[in-house]
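Here the structure is laid out as structure tokens; the discussion comes afterwards.
The values are calculated or read from the model by the stated rules, or taken from the named source; none is laboratory data. This structure is a prediction, so every number in the text was calculated from the model and none was measured. With ideal geometry, Cβ positions are generated from the backbone for all residues, glycine too; neighbour counts draw on all protein chains shown.
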Amino acid sequence: MKYFLTLILTFTISIFSYPQTNKYFDAPFGGGGGFIAGWQIPNVDQLNIKLKEVGIPEFSSGGLFTTGGAGFLYIGFVKNLRVGGMGFGGSTSKSSSINNINREVIYSIGGGGITIEYTIPFVKNIGVSVGGTLAAGSLSIELYRNDGNFSWNNIWNDINNGSTSNVSRRLENHFWIFSPTINVEIPFYRFLAFRLGTGYQLSIGNSWETENDQSISGIPADLKSDGFFIQAGILAGFFAF
């Protein structure tokens, strides 16, 4: 029995201490999760047209920074297939002041859902996975115009008589997301891996609402979250590619 336990212990230590190039499995397995930073490139052309009209600087067409997390687990009974989850969110803003009137717009995007990927079997030592994301997402545009003079009584007077220079609006779009993706995980230690990936976000649903869940008509059809994205991050877990 003592010899048997010593043999098991020796074998276990050898698995975790040998270099990544030593293979004991014929398919990737394991899983992990961690922090993911991204860069999302939605279409803001129609929004920029309106911003220019009201004297607010335009948003860059180059995209915005997002943060979030992702994780996955190889399911085992289907070789090279893994499932997981992800979530992300980010915002950017522009503002101006004209004749002591402040104007600002905040553009926010986010979402979360499940991922299904297949790891290419002939690539060794790193994980190259193709697949897709199914998620729910939201896009919001917040608009503000005010003179900077706020008080408890003035706020209620604004509600009562409607004669005010202080205006705010929130436009929000909820939708479903499908994103074809490709991700590369490079283990730099058995329990840590660096991820680099890209994909294209496709949104389904163009119904917009404002305050009190009131619907909005006339929203341009191409004011969507659709666009390319890139992502990078650090994952912790167990990785055997």
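Below are the figures for this structure:
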{"quantity": "Selection from region 70-86 of residues that are touching a residue at least 40 places away in the same chain (Cβ under 8 Å) and loosely packed, with under 15 Cβ neighbours inside 10 Å", "calculated": "Gly76, Lys79"}
{"quantity": "Residue match in region 209-224 (condition: closer than 30 Å to Ile75 by Cα and surrounded by 15 or more Cβ atoms within 10 Å (Cβ to Cβ))", "calculated": "no"}
{"quantity": "Condition check for Leu235: touching a strand residue (DSSP E or B) at 6+ places or on another chain (Cβ under 9 Å), surrounded by 15 or more Cβ atoms within 10 Å (Cβ to Cβ) and aliphatic (A, V, I, L, M)", "calculated": "yes"}
{"quantity": "Whichever residue in region 135-160 is touching a residue at least 60 places away in the same chain (Cβ under 8 Å) and among the hydrophobic types (A, V, I, L, M, F, W, C) and, among such residues, is nearest to Asn48 (Cα to Cα)", "calculated": "Ile141"}
{"quantity": "Criterion: assigned to a strand (DSSP E or B), more than 19 Å from Leu143 (Cβ to Cβ) and under 21 Å from the mean Cα position of the chain (by Cα) - qualifying residue of Gly110, Gly85", "calculated": "Gly85"}
{"quantity": "Where Val123 falls short, out of the listed (1) hydrophobic (A, V, I, L, M, F, W, C); (2) more than 30 Å from Asn99 (Cβ to Cβ); (3) in a strand (DSSP E or B)", "calculated": "(3)"}
{"quantity": "Conditions (1) of a type in the set (Lys, Arg); (2) modelled with pLDDT under 95; (3) surrounded by 14 or more Cβ atoms within 10 Å (Cβ to Cβ); number of the one not met by Lys23", "calculated": "(3)"}
